[in-house]
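Colleague: Below you will find the structure I want to go over with you.
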Amino acid sequence: MNPNEIETTADRLIRKIRAFLIYNIGRTAEESNADEFYHALCFAVREETMMNWLATARTFTKQNVRMLYYFSMEYLPGRLLTNNITNLGSNDVIRVIMQRMNRNFIDIVNREGDPGLGNGGLGRLASCLLDSMATQHYPAQGYGLRYQYGIFEQQLWEGAQVEVPDCWLLSENPWEFRRDSRRVHVKFCGTPQPSLNIHGDEIMELKDPEEVGALPYDYPIVGYSKTNDFSVVTLRLWSTKDSPRNFLLQRYNAGRLDQAAENTTLTDVLYPNDNTDVGRRVRLKQEFLLVSASLQDIIRHYLVNHANFRQFADKIRIQINDTHPSLVIAELMRILIKDHDLPWKTAFEITQAVTSYTNHTILSEALEQWDQNIFYYLLPRQYRIIERINQDFCNSVRARFPKDEERVRRMSIIQDGKVRMAHLAIVGSHKVNGVAQLHTEILKNVVFKDFYEMTPDKFVNVTNGITQRRWLLECNPELAKFITKCIGDAWITDFTKIKGLAQFASEPEVQDEFLAIKEKNKQHLIDFLSLNNPLRNASGAVVDTLSLINTKSLFDVQVKRIHEYKRQLMNALHLIMVYFDITQHKDQPRIPRTAIIGGKAASSYDTAKDIIKLFYCIARKVNHDPEVNGLLKIIYVENYNVTRAEMIIPAADLSEQISTAGTEASGTGNMKLAINGALTIGTRDGANIEMEKQITPQWFPFVFGASADEIAGIKASNNYCPKTICDSNPKVQQAVDSLRNRTFAQTEEEHLILSDLYHKLIERHYGSAPDRYFTLLDLQSYYTTQLKAEELFKSPRRWAEIALHNIAGMGEFSIDRSVDQYAQLIWSIQKCPINREILDRVRYDYAVNTR
């Protein structure tokens, strides 16, 4: 926008803000508090998107395009106000508004909480995909659940994770639209009554079912554009909170309070603890709620323009994000053969044609399996359909591989009393994709080898990506301006253009400017954590705040979900080794290091919680030891989320991507950190391999550890002995022994927790192999590579040169490239920009009625 356009737009929005405050809150702009002003600003910005949202939907309908429907149990969109302002290109306008209305933008933005709709990379990928589909004008809609309390808010009480409700919906959410007219009902339990459709296929009526109402709330996902023809796609989230039929008053009056409220609370919390029967039942209900409600919505919308299902397989594409929505296959089959009288064979062909499956893990414990008894109790009709799908599939395996009953058993959807959801997703989909080249090869050659041998064309790779608009343009504005000054702004929508930055990487003045931006971001992070990262005692009371941090120190960052395979434990052991080096070799010069760790542990994952406690114990000693003299600081960031990531990632110097090779599907944190100028210290795992290839080994210097093939060979030999490693390496031995010799534990409880981690590393523990993620195998290599990183950090300009080459090499890791590949390889959908005539008509109607 030119200065006149900025002023004109600011005038219009100020009028809307003032009008909203008077009409809806009964206060003038001068009287309003920060919460009230935040809502007024959101509604003013939201109004700017509404015409395009309506025009986008009308364009899709008029052109009768093939639509992509994205099913995910998780989304992590982050704050929507800042993202929408960025994508609308309104930052300068908002700056003028804040100045003229005497408001502090940071204070206003902080009134918005993070939507509590996800846990980690799975949800963030889903949100990046929607952002890209809107930006690139793909016809798409997302479906999820509107969790009232998210997964949980993490508090750390003396290092112990305490889960409290994440009250992100405590006040009115200005970005959601309640759609009462689109309410649907989902049926569980009941007694199945067999019948036949007109083709003689078995269908099931359901006698005395448990019926749950699902109410949708829509969120506009605004695409980036420099002009006013931006697209807006819809994220529709289902809730069971506001459906009176869901509360079972008779059970309540009978004293069965938990049963009375179960259906009302289905969308309260993401991933209820599944260590109990109730938790498992609620989780399966959540998954079917998403599938059933969304399919009803899709079919309703399809039938607006179609009298039958002849074009359904051509007009609809459904992507299931991980195994959680796999029930879409059984439920779509049921709807087609029962409600619309399609023959079984035709219904299955349609289901396969429209459905595709993204796998996100190779870990067997993360590939969902449901006990067939609870499955049949909750979903008897769907279970019967899966039985038939499985029978047909097993017969096809027998026909292809005669006399190989063991193969049939391995590939069966139902086996040993379990319904294997990944198998259902593969059988019922036309494409299955991994999310990094290594990950996809492991799927094809190990995890789903039998399926790949039977249908090799079904398996494809689409490496993950991230949106540079949120993870660089929005969260790191100083670096974004710097890049644009060097190479122009085409990188915002075509990230391959970022390669142009490489030609500036060797210029000292460019390096100095980059280093100055990094130091400024570090100070922003320190200021943020000083206010937002309290230290709590065992009762949860705040007793301290952040200690002094040196902005010249190496900011060493590992932020992600806490899991043994991600090897936060190796990071902790390395910090112990650094601590001993500092205190036992005082004459050895060292650079200062600030280790920043963040992430939540699943509520039932005790080992992950123990690792968090270990970081606390180490930090308590290190941060207050005068012998350390500021050379090492350890900060654990409480309640890591998108907003905190947006502060941490721009400040990072070193990006910890240290998972055991062959375990991380892809990773996206590695990409976010790299495009913000952090150097990666990592194993050859997930997308790290492709990042090294694109950036080139010359500029990717901190690779370490055993490869996936080497790990597989060690597993096959079955002779891995972590104790031998300790016996042969005094540094490693000292670090590991500190877990049990009370170096860091002050209480008996802490001693037991740290000793338990020691035993898991050294001894067979509760039936599992010691050090099953090979932490000690890679620890010396990790330690040596960290020394290499410290040595390079002593030369700031050289460090900056390598960081700039890292940014320049990341062009392939935009989500825009991922979405294009999905569109071409899997969905076969075309871009559908807003019809200009439709948009003009909507804008005219709006202008006429708001004079």
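The values are calculated or read from the model by the stated rules, or taken from the named source; none is laboratory data. All figures in this text were calculated on a predicted structure; none of them were measured in a lab. With ideal geometry, Cβ positions are generated from the backbone for all residues, glycine too; neighbour counts draw on all protein chains shown. Protein only, heavy atoms only, side chains kept; ligands, DNA and RNA dropped before computing areas. Shrake-Rupley method; radii C 1.70, N 1.55, O 1.52, S 1.80 Å.
Colleague: To check you understand DSSP bridge types, tell me what percent of the beta bridges within the chain (both residues inside) are antiparallel, rounded to 5. Show your work: numbers first, answer last.
Modeller: Values: 34 of 80 bridges.
Given both bridge residues lie in the chain, the antiparallel proportion sits at roughly 45 percent.
Colleague: May I ask which residue of TYR720, ALA55, THR265 lies farthest towards the positive end of the charge dipole of the chain, with charges of +1 (Lys, Arg) and -1 (Asp, Glu) on Cβ and the Cα centre as origin?
Modeller: In the chain, that residue is ALA55.
Colleague: Could you tell me whether the stretch 575-632 comes out rounded, prolate or oblate from its Cα gyration tensor? Rule is a ≥ b ≥ c as square roots of the eigenvalues, rounded for a/c under 1.5, then prolate if a/b exceeds b/c, otherwise oblate.
Modeller: Taking the square roots of the gyration eigenvalues as a ≥ b ≥ c, the stretch 575-632 is prolate.
Colleague: Going 7 Å from the Cα of VAL164 along its beta-carbon direction, which residues of the stretch 512-542 have the amide nitrogen within less than 19 Å of the resulting point?
Modeller: Residues 529-542 fall inside that zone.
Colleague: Determine the per residue accessible area of the stretch 704-851 with all protein chains present and a 1.4 angstrom probe, expressed in square angstrom.
Modeller: Accessible area per residue: 49 Å².
Colleague: To continue, here is another question. Along the charge dipole of the chain, which of THR683, ASN104, THR358 sits closest to the positive end, that is, farthest toward it, with unit charges on the beta carbon of Lys, Arg, Asp and Glu (+1, +1, -1, -1)?
Modeller: THR358
Colleague: Same structure again: How many angstrom lie between the Cα centre of the stretch 731-801 and the Cα centre of the stretch 523-563?
Modeller: Value for the Cα centre distance between the two parts: 21 Å.
Colleague: With just the Cα atoms defining each centre, how far is the stretch 284-328 from the stretch 162-198? Give it in Å.
Modeller: Each part's Cα centre sits 15 Å from the other's.
Colleague: Run the dipole for the stretch 445-500 about the Cα centre, Lys and Arg Cβ at +1, Asp and Glu Cβ at -1, nothing else charged, and hand back the magnitude in debye, nearest 20. Walk me through the intermediate numbers first.
Modeller: On the way: 8 positive and 7 negative charges, 56 e Å.
That gives the stretch 445-500 a dipole magnitude of about 260 debye.
Colleague: Which value, in Å², gives the accessible area per residue of the stretch 80-127 when a 1.4 Å probe is used on the protein heavy atoms?
Modeller: 37 Å²
Colleague: Just tell me which aspartates and glutamates come within less than 14 Å, Cα to Cα, of LYS62; anything on the same chain fewer than 8 places away is out.
Modeller: Partners within reach: GLU837.
Colleague: Which of the three applies to the stretch 1-99, rounded, prolate or oblate, going by the alpha-carbon gyration tensor with a ≥ b ≥ c and a/c under 1.5 meaning rounded?
Modeller: It comes out prolate by the Cα gyration axes.
Colleague: Long-range amide H contacts for LEU342: which residues qualify at under 5 Å (H placed 1.01 Å from N, peptide plane, sequence gap of 5 or more or a different chain)?
Modeller: Sorted by chain and number, the residues that satisfy this are ILE337.
Colleague: Using Cα pairs under 8 angstrom and six or more residues apart, how large is the relative contact order of the chain, in percent?
Modeller: This gives 15 percent for the chain.
Colleague: Starting at the first residue of the stretch 71-82, write each ³J(HN,Hα) from the Karplus equation 6.51 cos²θ - 1.76 cosθ + 1.60 with θ = phi - 60°, in whole Hz, x for Gly and Pro.
Modeller: My calculation for the stretch 71-82 gives 9, 8, 6, 10, 9, 10, x, x, 4, 8, 4, 5 Hz in order.
Colleague: Select from the stretch 172-211 those trypsin sites (Lys or Arg not before Pro) which occupy a DSSP coil region and have at most 14 other Cβ atoms within 10 Å, ordered by residue number.
Modeller: Qualifying residues, ordered by number: ARG179.
Colleague: Would you work out if the stretch 160-230 is rounded, prolate or oblate? Take a ≥ b ≥ c from the square roots of the eigenvalues of the alpha-carbon gyration tensor; rounded if a/c is under 1.5, else prolate when a/b is larger than b/c, oblate otherwise.
Modeller: Oblate is the answer for the stretch 160-230, as a/c is 1.5 or above yet b/c matches or exceeds a/b.
Colleague: While we're looking at this one, here's another question. Please give the per residue accessible area of the stretch 277-340, computed with a probe of 1.4 Å over protein heavy atoms only, in Å². The partial results should precede the final answer.
Modeller: Details: 1780 Å² over 64 residues.
So the stretch 277-340 comes to 28 Å² accessible per residue, rounded to a whole number.
Colleague: Hey, any idea what % of the chain's accessible area is carbon plus sulfur with a 1.4 Å probe?
Modeller: 49 percent
Colleague: Distance between Cα centroids, the stretch 813-851 to the stretch 631-683: provide it in whole Å.
Modeller: Comparing the Cα centres of the stretch 813-851 and the stretch 631-683, I get a distance of 33 Å.
Colleague: Find the Cα radius of gyration of the stretch 95-162, compare it with 2.2 N^0.38 Å by division, and give the number to two decimals. Please list the in-between numbers first.
Modeller: Details: Rg = 17.3 Å, N = 68, 2.2 N^0.38 = 10.9 Å.
My calculation over the Cα atoms of the stretch 95-162 gives 1.59.
Colleague: When the Karplus curve 6.51 cos²θ - 1.76 cosθ + 1.60 is applied with θ = phi - 60°, which whole-Hz ³J(HN,Hα) does each residue of the stretch 404-421 get, with x for Gly and Pro?
Modeller: 10, 5, 5, 4, 4, 5, 5, 8, 4, 6, 10, 7, 6, x, 10, 9, 8, 6
Colleague: Report relative contact order for the stretch 383-445 in percent, whole number only (criteria: Cα-Cα under 8 Å, sequence separation at least 6).
Modeller: 23 percent
Colleague: Assign unit charges at the C-beta atoms only (+1 for Lys and Arg, -1 for Asp and Glu), then state the dipole size of the chain relative to its Cα centre in Debye, rounded to the nearest 20.
Modeller: On the way: 100 positive and 104 negative charges, 284 e Å.
That gives the chain a dipole magnitude of about 1360 debye.
Colleague: Based on Cβ point charges of +1 for Lys and Arg and -1 for Asp and Glu, what charge dipole magnitude is obtained for the stretch 759-851 about its Cα centre, in debye rounded to the nearest 20?
Modeller: 220 debye
Colleague: Show me the three semi-axes of the equivalent ellipsoid for the stretch 90-217, from the C-alpha gyration tensor (sqrt of 5 times each eigenvalue), largest first, rounded to whole Å. Please list the in-between numbers first.
Modeller: Numbers: eigenvalues 343, 104, 50 Å².
Semi-axes, largest first: 41, 23, 16 Å.
Colleague: Between LYS187 and ARG400, what length comes free when the chain is fully extended (0.36 nm per residue of separation minus the Cα-Cα distance, one decimal in nm)?
Modeller: Values: separation 213, 0.36 × 213 = 76.68 nm, distance 3.76 nm.
Additional length available on full extension: 72.9 nm.
Colleague: How big is the stretch 275-408 by the Kirkwood estimate over distinct Cα pairs, in Å?
Modeller: After inverting the mean inverse Cα-Cα distance, the result is 16.4 Å.
Colleague: What does the chain give for Rg and for Dmax, in Å, if only its C-alpha atoms count?
Modeller: Both quantities, over Cα of the chain: 27.4, 87 Å.
Colleague: Between their Cα atoms, which of LYS560/LYS715; LYS241/LYS285; LYS672/LYS794; LYS723/LYS760 are more than 18 Å away from each other? Write out the running numbers ahead of the final one.
Modeller: On the way: LYS560/LYS715 26 Å; LYS241/LYS285 14 Å; LYS672/LYS794 24 Å; LYS723/LYS760 11 Å.
Checking Cα-Cα distances, LYS560/LYS715; LYS672/LYS794 exceed 18 Å.
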